Amino acid sequence: NTPIQALVTLNDPQFVEAARHLAEKTIKQSTKTDERIQFIAKKLLARPFTDKELPIVTDSIEMLVKEFKAKPDEAKKLITVGESKADDKLDAGELAAWTMLCNELLNLDEVLNK
C-alpha cells in the first residue's frame, strides 16, 4: 500500500470503468443521495458509513456533482474511459460525479486490503 499504488488505481482505466459501473448501479437503485451513499458503502465495505465518515462522503458527492454539472465536456470524457459504453440514459454530469466518488472509495485501504 504505497503512494504509487494509489496513483495507479486512481488513474487505471479498469478502475475508472469499474467505478463507472458501480456508479450506474448506484444511480439506478435510488434517487436519494443518502440511499445511494449507503448502497456504495454496503457494496464496498459490507457496512454502512459511520457518523464520522458520512459527512465527508456527502460533501464529496455534492462538490463533484457541482463540478461536473459545470464542466459537461469533462464529464463526458470521464464516462468514456474503458471498453464498455456508459449508459446513455443517465445524465453525464451526474454519472461522472458518482463515478469519481466510487473511484475515490474504491481506493480506501479498507476496500483494497479486505
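The values are calculated or read from the model by the stated rules, or taken from the named source; none is laboratory data. Computed from a predicted model, the values in this text were never measured in an experiment. Reconstructed Cβ throughout: ideal geometry from the backbone, glycine too, with neighbour counts over all protein chains shown. Only protein heavy atoms, including side chains, enter the accessible area calculation; ligands, DNA and RNA are left aside. Shrake-Rupley method; radii C 1.70, N 1.55, O 1.52, S 1.80 Å.
Here are a few things to note about the model shown:
- In this structure region 43-114 gives 62 Å² per residue of accessible area when probed at 1.4 Å with all protein chains present.
- The chain, relative contact order in percent, only Cα pairs under 8 angstrom and at least six apart counted: 40 percent
- Radius ratio Rg over Rh of region 1-50, counting only Cα atoms, Kirkwood formula for Rh: 1.06
- Region 7-114 - convex hull of alpha carbons, volume per residue in Å³: 98 Å³
- For region 82-91, the Karplus equation 6.51 cos²θ - 1.76 cosθ + 1.60, evaluated at θ = phi - 60°, returns couplings of x, 7, 7, 7, 6, 5, 6, 7, 8, 5 Hz by residue, with Gly and Pro reported as x.
- Candidate lysines for bridging to residue 69, where Cα separation is under 17 Å - those fewer than 8 sequence places away on the same chain excluded: 77, 89
- The phi torsions of region 52-62, fed into the Karplus equation with coefficients 6.51, -1.76 and 1.60 and a -60° offset, translate into couplings of 7, 7, 4, x, 5, 5, 4, 4, 5, 5, 4 Hz, rounded to whole numbers, with Gly and Pro shown as x.
- Taking Lys and Arg as +1 and Asp and Glu as -1, the other residues whose beta-carbon sits under 15 Å from that of residue 31 total 0.
- For the pair residue 88 and residue 69 in one chain, pulling the backbone fully straight at 0.36 nm per residue adds 5.3 nm over the alpha carbon distance.
- Once the Cβ-Cβ distance of residue 51 and residue 8 is raised to the sixth power relative to R0 = 22 Å, the FRET efficiency obtained is 0.10.
- Spin-label model distance (nm) - residue 32 vs residue 44, 7 Å beyond Cα toward Cβ: 2.1 nm
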